[in-house]
Amino acid sequence: MKKGLSSTQKNLLLEQARKTISNRLNKNDGFPDIPEDPVFREKVATFVTLKISGRLRGCIGTLEPATSLWQSIHDNALSAAFSDHRFSPLSHKELEAVEIDISVLSSPSSLEYEDPVDLLKKLQPGVDGVILKDGRRGATFLPQVWKQLPSAELFLGQLCKKAGLEETAWREKQLDIKTYQVLSFQEEGQ
């Protein structure tokens, strides 16, 4: 995304995510018109995260731009609410309590590193989202995950586990690491 988003644009996207989920629960799957603002037509990667009382309730997104910002939020809101394999589909009752967080991702870039010590030095806790890959196995954590896993060692260990690798894999072999940053925002008062 070439520029940031205004508070009005952020609020429209948050409303779009909530309305999309509500419409699916009410069996009304129409796609809302894209606002005139060209920013909503930009191709970007996004994640939609759902939480209830601060606990994860669903999180789905894309790492590479594939659709417009408006379409991406629509698709990822539905997936986070109804297709995150870690959770049952969201219910009407839960929607009232759900807090919606949107992340708009920068393009991932490869992180070149010599060894585990160099990797730890180059990561920016709280700033970098990390994509870790080993062959066909891979996983990502958004930068917000640093709040729960503040040390780089713990962050990388849990990311390895998420990818189906040994927790120490990042120390034992050269993995493909990419980083990205996000513009993250959530509903007011949540």
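Simple rule: put +1 on each Lys or Arg Cβ and -1 on each Asp or Glu Cβ in region 109-181, find the dipole, and look at ALA139, PRO116, ALA152; the Cα lying farthest toward the positive end is ALA139. Each Lys or Arg adds one and each Asp or Glu subtracts one; over the other residues with Cβ under 14 Å from the Cβ of ASN23, this totals 0.
Relative to the longest principal axis of the Cα atoms of the chain, helix 152-162 runs at roughly 70 degrees. Against the empirical curve 2.2 N^0.38 Å, the C-alpha radius of gyration of region 109-181 lands at a ratio of 0.95. Between the residues VAL39, ASN76, LEU105, the greatest Cα displacement towards the positive end of the dipole of the chain, with unit charges on the Cβ of Lys, Arg, Asp and Glu, is found for ASN76. Taken about its Cα centre, region 7-105 carries a charge dipole of roughly 360 debye when the Cβ of each Lys and Arg holds +1 and the Cβ of each Asp and Glu holds -1.
Placing one equal scatterer on every Cα of region 7-105 and applying the Debye formula, the log10 ratio I(q)/I(0) at q = 0.15, 0.19 Å⁻¹ is -0.54, -0.87.
Within straight-line reach of LYS43, meaning a Cα separation under 13 Å, sit the following aspartates and glutamates at least 8 residues removed in sequence or on another chain: GLU64. Relative contact order of the chain: 21 percent, from C-alpha pairs under 8 Å at least 6 residues apart in sequence.
Of all aspartates and glutamates in the structure, the ones whose alpha carbon falls short of 18 Å from that of LYS19, not counting any fewer than 8 places away in one chain, are ASP29, ASP33, ASP75, GLU94, GLU96, GLU99, ASP101, GLU187, GLU188. Taking 27 Å as the limit for the C-alpha separation, the pairs LYS3/LYS178; LYS122/LYS147; LYS10/LYS162; LYS10/LYS161; LYS121/LYS173 exceed it in the case of LYS10/LYS162; LYS10/LYS161. When peptides 24-37, 100-113, 68-81 are sorted by average Cβ neighbour count within 10 Å, with the highest value leading, the order is 68-81, 100-113, 24-37. Within the shell defined by Cβ-Cβ distances under 14 Å, the residues around GLY58 carry a net charge of +1, with Lys and Arg each +1 and Asp and Glu each -1. Fewest neighbouring Cβ atoms within 10 Å first, the residues THR168, THR179 line up as THR168, THR179. The alpha carbon centroids of region 1-74 and region 124-189 are separated by 23 Å.
Laboratory data are not the source of any read-out in this text; all were calculated from the coordinates shown. Just so it is clear, the model here is predicted, and its values are computed rather than measured. All Cβ positions, even for glycine, are placed from backbone atoms using ideal geometry, and neighbour counts span all protein chains on display.
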